[in-house]
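What follows is a single structure, written as structure tokens, with notes after it.
The values are calculated or read from the model by the stated rules, or taken from the named source; none is laboratory data. Since this is a predicted model, take the numbers as computed values, not measurements. As a convention, Cβ positions derive from the backbone with ideal geometry for all residues, glycine included, and neighbour counts pool all protein chains shown.
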Amino acid sequence: MDELQELYQQIVLEHYRNPRNYGELPEATHRAEGYNPLCGDRLEVMLRVREGAIEEIRFRGSGCAISQASASVMTTLVRGKSLAEAEELFERFHELVTGTGAVDLEQLGILAAFAGVREFPARVKCATLAWHTLRAALQQRQEPVTTE
Amino acid sequence: MSTAVHSAQELRELVWQWRQDFPLLQRTVYGKPIVYLDNAATTQKPTAVVAALQHYYTECTSNVHRGVYYLSEQATQLYEEARRTVQRFLGAAEAAEIVFVRGTTEAINLVAHCLGRTRIRPGSEILLTHMEHHSNIVPWQLVAEQTGARLRVLPITPDGELMLEAYPELLTERTAVVAVVHVSNSLGTINPVAELIQTAHERGIPVLVDGAQAVAHMPVDVQQLDCDFYAFSGHKIYGPTGIGVLYAKRRWLEEFPPYQGGGDMIRHVTFERTLYNDVPYKFEAGTPNIAGAIGLKAALEYVQQCGLERIAAHEHELLRYATERLQELPGVRLIGTAQRKAAIISFVIEGVHPHDVGTVLDREGIAIRVGHHCTQPVMEFFGVPATSRVSFGLYNTLEEVDRLVEALWKVIRLFGVGGNG
């Protein structure tokens, strides 16, 4: 597989075309906006948190395949997780796309679809936007986050 | 300099000769010969420009307008020769009307600042167009905030042309200045600036023309245009970064207060009062970009040697061919389809974000710009967050257009546009 195919894996393209958990979330307890001024990617992450766990999550926005697929995959992963587990996933994803060490693809599950991103430094910000926005929402930050 | 327009075949052979002057075009990226199609952002530099910079730094380094010694006199001479070269290049009446600045942005800031201190008052109107680059919007916004003036905007049509019929009504007794782009960096539209200037002048209103995307692609004569101000950047016309030009009619430079204070712009300084230097030195505070001006001179001479008429004819052929080929592709929509265009093509592909287009093309060795091109109001008008933009320079070839189209097919197959999966 060449690097482009590694970046645009079928899973990524499929989530881009059919994003999961897309739309407004009524009765959200947490929400935050993310913006990547370089490419104009915008998204909003909304959460309903109960008793320290993410009961429901949705996102909406527009942007490139990487940012939209990353957001979609993220929502499927963190739904039903505790806040600590969500934070752990954030760290794991961050290490995957920005790190230089070896990755254990099997242990990563669906996140492995983003393993190709680290070969495209200009696209790392696209991939991490949703995750940074999730973190901002959980920390109840008011200012829109940016990956610039 | 011969400006006779050659046959298509002769032009193509010339272009292959021109390409030899740009060492960067010989390199490869990801193992593929580079196809550089981002000339509206910046252009590659011919060896003549690099040699001029090197000559100054290795043979003549010294400050200008100061030394009584040989080197300084030589540097001063080169710097002032560069000013005269710019004067001739733009057809200005005298060299004193040429102010060296960092680039188009600084030139516009200079004019906005000075008009803000002389002509723009509370209630004044500053007329811009909907297709201005942020650098011809924000400086005026700053001045409007400071003075209590307001911005007015000449609308555009769905083809990306100025809505000319709305223009006369927007010129009122409150209009202090009109600022308009000569060639749109995101749409490629060539605006009828001579007509706009004439109409404004009939009402006594000065006009600034942002020529950043024009001077490298067509002959420009500021006296023929009769513009009050004309701005351009060196790096977009095969020259160095950090050097640019403000042309201003002498009467404005005389009327304007200094833009920045410092050395070289003064005649006599006491703590009570300062007498300013003559134009244009009044506007060139501090040690200028001497090497940049010398490099710019080499770039302008290079372009004139190639011949702007020939460059324009060649780039027009690239525009025609690329427009035709891009329209063969499924899901491609061109943004900016004006009657008169420079060799800039903005487009979107249905269902594919421009950033993804840029990444795929990059791996094919093709450099294009993706994003909002510092023209967010234009993006908003066309209802897109961003576009992909191809912009040609004198060294691009029809074969490179073919490589672009091939790479776009790869994008289309990867993303399954229009059932092509």
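What pairs come up if the first residue lies in the stretch B:153-180 and is farther than 16 Å from B:PRO377 by Cα and among the small types (Gly, Ala, Ser), the second is at pLDDT 95 or above and assigned to a strand (DSSP E or B), and their beta carbons are under 8 Å apart, counting only those six or more places apart or on different chains?
What qualifies is B:ALA166/B:LEU154; B:ALA176/B:GLU125; B:ALA176/B:ILE126.
Would the stretch B:251-260 turn up any residue that is charged (D, E, K, R) and in a loop (DSSP other than H, G, I, E, B)?
Looking only at the stretch B:251-260, we keep the residues that are charged (D, E, K, R), and these are B:251, B:254-255.
Cutting the leftovers down to in a loop (DSSP other than H, G, I, E, B) gives us none.
Looking through the stretch B:251-260, none of the residues is charged (D, E, K, R) and in a loop (DSSP other than H, G, I, E, B).
Against the condition without any contact (Cβ under 8 Å) to a residue 12 or more places away in the chain, more than 16 Å from A:LYS125 (Cβ to Cβ) and among the basic types (Lys, Arg), how does A:ARG17 come out, does it pass?
Yes.
So B:ARG340 fits all but one of (1) surrounded by fewer than 23 Cβ atoms within 10 Å (Cβ to Cβ); (2) in contact with an Asp or Glu (Cβ under 9 Å, 6 or more places away or on another chain); (3) closer than 22 Å to A:SER67 by Cβ; (4) not polar (S, T, N, Q); what number is the exception?
Against the list (1) surrounded by fewer than 23 Cβ atoms within 10 Å (Cβ to Cβ); (2) in contact with an Asp or Glu (Cβ under 9 Å, 6 or more places away or on another chain); (3) closer than 22 Å to A:SER67 by Cβ; (4) not polar (S, T, N, Q), B:ARG340 comes up short only on (3).
If you go through the stretch B:256-268, how many residues are surrounded by 13 or more Cβ atoms within 10 Å (Cβ to Cβ) and of a type in the set (D, E, K, R)?
Counting residues in the stretch B:256-268 that are surrounded by 13 or more Cβ atoms within 10 Å (Cβ to Cβ) and of a type in the set (D, E, K, R) gives 1.
Please go through the stretch B:349-389 and give me each residue that is more than 8 Å from chain A (Cβ to nearest Cβ), closer than 27 Å to B:LEU25 by Cα and of a type in the set (Val, Ile, Thr), ordered by number.
B:VAL357, B:ILE366, B:ILE368, B:THR387
Looking for something crowded, with 23+ Cβ neighbours inside 10 Å and in contact (Cβ under 8 Å) with a residue 60 or more places away in the chain - is there at least one such residue anywhere in the stretch B:63-76?
The answer is yes, given that some residue of the stretch B:63-76 is crowded, with 23+ Cβ neighbours inside 10 Å and in contact (Cβ under 8 Å) with a residue 60 or more places away in the chain.
In the stretch B:1-115, which helices (runs of 4 or more DSSP H) lie fully inside it and hold 1 or more residues that are farther than 25 Å from B:ASN185 by Cα and of a type in the set (Lys, Arg)?
Values: elements: B:8-19, B:47-55, B:70-90.
By residue number, B:8-19, B:70-90.
What do you reckon, is B:LEU334 away from chain A (no Cβ under 11 Å) and assigned to a loop (DSSP other than H, G, I, E, B)? Steps first, answer last, please.
Numbers: away from chain A (no Cβ under 11 Å): yes; assigned to a loop (DSSP other than H, G, I, E, B): no.
Considered against the rule, which asks whether it is away from chain A (no Cβ under 11 Å) and assigned to a loop (DSSP other than H, G, I, E, B), B:LEU334 comes out as no.
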